[in-house]
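Each value in this text was obtained by applying a stated rule to the coordinates, not by laboratory testing. All figures in this text were calculated on a predicted structure; none of them were measured in a lab. Reconstructed Cβ throughout: ideal geometry from the backbone, glycine too, with neighbour counts over all protein chains shown.
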Amino acid sequence: MQKKEMQNGMDPSLTGFLAGTNARAFDYLGIHKSVRNGREGMICRVWAPNASEISIVGDFNRWQAGLDCLERVGGGVWECFLSGVWNRFDSYKFCIVAPDGKKLYKSDPYAYHFESGEGKASKYYDLEGFPWKDAAWMRHKTAKPHYGQPVNIYEIHPGSWKRHADGSVLTYEELADELLPYLKDMGYTHVELMPVTEYPFEGSWGYQVTGYFAPTSRYGEPKQFMSFVEKCHEAGIGVILDWVPAHFPKDAFGLARFDGTPCYEYADPRKGEHKDWGTLVFDYGRSEVVSFLISSAVFWLEKYHVDGIRVDAVASMLYLDYSRKEGEWVPNINGGRENLEAVAFLQKLNEAVFSLFPDVMMIAEESTAWPMVSRPTYSGGLGFNYKWNMGWMNDMLHYLKLDPVYRPFNHDNLTFSFFYAFSENFILPISHDEVVHGKSSLINKMPGDYEQKFAGVRAFLCYMMAHPGKKLIFMGTEFSQFIEWNYQKELDWMLLEYEQHRKQQSFFRDLNHFYLNTPALWEIDFTWEGFSWISNDDYTQSVIAFRRIDRSGKEVIAVCNFQPVRRDNYSIGVPYDGIYEEVFSSDAVRYGGSGISNGSSIQSVKTPLHGCEQSVCLTLPPLSVFYLKCKRRRTKSSGGPARPRQGGERRKARGQRSGQKEEK
């Protein structure tokens with residue numbers, strides 16, 4: 001059958017789908033308007049290679065199986081043409097007869113919309129005709145690539161950021177109206193949405209997907225989500241979607257054993273099942289699955305104009321033994337633990353996406369030391385352009401939870417990340433995963449009394465903003481919600497009735513805007529030219545100091561004290577003979593701090609320190625981070641940047657020397 005069809009000439013969309021090269025399979029499979037022999041109607045296609053019979057059932061035929069049957073067109077794809085145009089929201093499913101004769105009622109893997117409730121039927125929806133008005137935003141993205149721009153991401157769960165008084169969720173458009181003024185006021189540049197791809201189980205938070213081409217109907221219809229994205233762009237806010245190509249749930253109406261046999265998942269459960277999650281793993285070696293997943297990513301970028309995709313659980317894709325005991329996994333052809341098919345898929349995914357959307361952010365949530373995640377595929381990388389810095393996150397949260405008496409013995413938690421900070425293009429994440437399952441909210445991780453907890457959060461955030469890499473924070477952290485996040489209710493906005501929480505929110509707002517207005521903190525995030533140590537080895541006092549430098553040579557010095565002890569007459573080396581000023585401090589009275597300040601006229605002295613010819617004498621408030629700038633130089637230069645105190649890496653030294661030339 002297939003040989004005959006190939007000889008007669010197969011549809012290029014179909015051949016591309018079967019070869020794993022069709023990045024727009026959503027235009028071919030699923031339900032689409034069509035005209036045949038002068039008749040308007042609906043063309044219906046589905047991939048089910050081992051089915052013995054398929055019919056489509058729905059509102060249009062009173063859900064009668066066997067009436068409107070599909071025929072094979074090649075490669076396991078079935079097709080039928082139905083006269084008449086469907087109404088928007090008409091529900092349907094495919095009735096698939098498995099090889100054993102069992103009837104399976106499956107939703108359409110390529111559906112653009114789904115019904116809510118128990119049935120989980122697909123709904124017909126025409127995406128065409130939305131009047132996009134974000135051309136100016138698209139031009140802006142091209143003119144100002146995100147690599148050298150501030151990226152400050154606010155991660156939200158749309159169903160629990162805010163709710164109506166009766167507990168019902170906001171629609172996509174209501175969310176935009178509430179959220180966007182808040183993001184602009186607070187100084188965020190991007191919003192990252194926990195998965196809005198359709199999913200059946202609320203408790204999965206969207207990470208167990210059944211509709212890879214449909215925004216969840218919980219918050220409205222597809223064009224309302226388009227409106228949400230457009231409003232974000234009009235406000236100058238980029239939109240990043242969490243996307244889950246690592247696994248999918250076993251719900252009977254979904255992808256699992258789609259035609260009665262493993263289609264989308266690996267047949268061998270040692271590769272095809274995540275027992276810890278109760279989910280199935282995509283078969284990355286199957287070309288039709290590759291087309292399906294790549295098409296899903298392209299779909300959101302093309303049809304919904306999103307600006308970035310954060311790929312969830314990449315580590316689980318890369319390793320065959322991920323969360324598996326000995327004997328529960330199968331080595332690759334070389335005897336190793338790497339999933340070579342998943343590696344090839346991720347490379348192919350990124351190549352396809354960047355060939356079509358060069359300005360996009362492709363972000364990997366990858367928690368291991370897999371090399372070159374954010375490096376091009378032609379050099380052996382996975383091809384992403386960003387990676388979450390999970391090592392930094394784990395080290396810092398471990399450090400912050402320690403009683404300060406133990407911090408001197410864990411000083412490497414504070415400093416180690418700087419020595420690999422430029423091995424990848426990193427995003428520093430404090431995400432939803434860190435405020436659930438008994439891990440405590442960020443403020444409740446902090447040791448000490450009530451005021452020290454708030455001070456600890458402020459100090460950490462100032463340190464985080466100065467650390468190389470783009471930034472991400474989870475909703476509620478900005479006003480220090482004490483309880484863990486609960487997806488079933490809105491954030492504890494009532495905390496803003498309390499002075500300390502209002503001050504904390506004001507701190508986040510001011511720090512975010514300081515970040516936006518200070519190119520030294522974001523313009524050179526991925527090479528040594530944008531960073532230089534001053535002091536990293538004062539472990540006994542838990543103090544570090546470092547410089548961030550922009551392309552014009554302007555810089556900010558961050559001085560960090562992670563002990564609840566005031567340090568008087570504390571000297572650090574500085575690169576220039578001049579007058580320095582304190583330009584931001586986590587200890588300001590308006591944020592709830594003690595108000596200790598070094599003022600705006602800090603005179604450098606010709607006392608060599610930390611590899612510099614000049615130094616300044618400072619007072620360090622307890623549990624604080626403050627930033628200094630040289631507001632006036634007395635001489636052209638007073639020696640080079642501080643030399644590395646640890647590591648002594650040649651590449652690092654080269655980066656500092658080039659930075660020195662830039663400053664002069």
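Near the amide H of L104, under 5 Å away, which other amide H atoms are found, from residues 5 or more places off or on another chain, if H is placed in the peptide plane?
HN-HN under 5 Å from L104: I96, V97, A98.
Determine, from the Cβ-Cβ distance of Q603 and R551 and an R0 of 41 Å, the FRET efficiency 1/(1 + (r/R0)^6), rounded to the nearest 0.05.
Computed FRET efficiency for Q603 and R551 comes out at 0.90.
Trypsin sites (Lys or Arg not before Pro) within the stretch 318-360: which are DSSP loop residues with at most 10 other Cβ atoms inside 10 Å?
Sparse-neighbourhood loop trypsin sites (Lys or Arg not before Pro): K325.
Given Cβ point charges of +1 (Lys, Arg) and -1 (Asp, Glu) and nothing else, what value in debye, to the nearest 20, does the dipole of the stretch 478-637 about its Cα centre take?
Around 700 debye, computed over the stretch 478-637.
Taking R0 as 22 Å, what FRET efficiency do you get between Y105 and F201 from their Cβ-Cβ distance, rounded to the nearest 0.05?
Efficiency computed from Cβ-Cβ geometry: 0.70.
Along Cα→Cβ, 7 Å out, is where each label goes; now give me the distance between the ones at K439 and R566 in nm to one decimal.
Taking the two extended label points, one gets 3.6 nm.
Give me the percent relative contact order of the chain, please, defined on Cα pairs under 8 angstrom at least 6 residues apart.
Computed value for the chain: 10 percent relative contact order.
Using the Karplus equation 6.51 cos²θ - 1.76 cosθ + 1.60 (θ = phi - 60°), what ³J(HN,Hα) coupling, rounded to whole Hz, does each residue of the stretch 102-111 give in order, writing x for Gly and Pro?
These are the phi-based 3J(HN,Hα) values: 6, 8, 10, 9, 10, 6, 7, x, 9, 5 Hz.
What percent do you get for the relative contact order of the stretch 152-231 when only Cα pairs under 8 Å and 6+ apart count?
Rounded, it is 33 percent for the stretch 152-231.
Once the other residues with Cβ under 12 Å from the Cβ of G236 are scored (Lys, Arg +1; Asp, Glu -1), what is the net sum?
Spelling it out: positives minus negatives among the neighbours equals +1.
Positive end of the charge dipole of the chain (Lys, Arg +1 and Asp, Glu -1 on Cβ, about the Cα centre): tell me which of A421, F130, G238 has its Cα farthest that way.
A421
Could you grab the Rg to Rh ratio for the stretch 2-123? Cα atoms only, Kirkwood for Rh.
Result for the stretch 2-123 is an Rg/Rh of 0.96.
Once you charge only the Cβ atoms, +1 for Lys and Arg and -1 for Asp and Glu, what is the size of the charge dipole of the stretch 34-151 about its Cα centre, to the nearest 20 debye?
Charge dipole of the stretch 34-151: 420 debye, to the nearest 20.
Residue separation times 0.36 nm, minus the C-alpha to C-alpha distance between Y182 and T527: what's the value?
Extending this stretch completely gives an extra 121.0 nm.
In the chain, what % of DSSP beta bridges are antiparallel (nearest 5)?
75 percent
Under the classification rounded if a/c is under 1.5, otherwise prolate if a/b is larger than b/c and oblate if not, where does the stretch 371-490 fall, given a ≥ b ≥ c as square roots of the Cα gyration tensor eigenvalues?
Here the stretch 371-490 falls in the oblate category.
Determine by what factor the alpha-carbon radius of gyration of the chain differs from 2.2 N^0.38 Å, reporting the quotient.
Taking N as the residue count of the chain, the ratio is 1.06.
Starting from the Cα of H140, step 7 Å along the direction of its Cβ; do the same at E451; then give the gap between the two resulting points in nm.
It works out to 4.1 nm between the two label points.
Once you keep just the Cα pairs under 8 angstrom separated by 6 or more residues, what percentage relative contact order results for the stretch 2-123?
22 percent
Could you work out the longest stretch of the chain that avoids the chymotrypsin sites (Phe, Trp or Tyr not before Pro) located in DSSP loops with at most 14 other Cβ atoms within 10 Å?
It runs 202-419.
To the nearest 20 debye, what is the magnitude of the charge dipole of the chain about its Cα centre, counting +1 on the Cβ of each Lys and Arg and -1 on the Cβ of each Asp and Glu?
2020 debye
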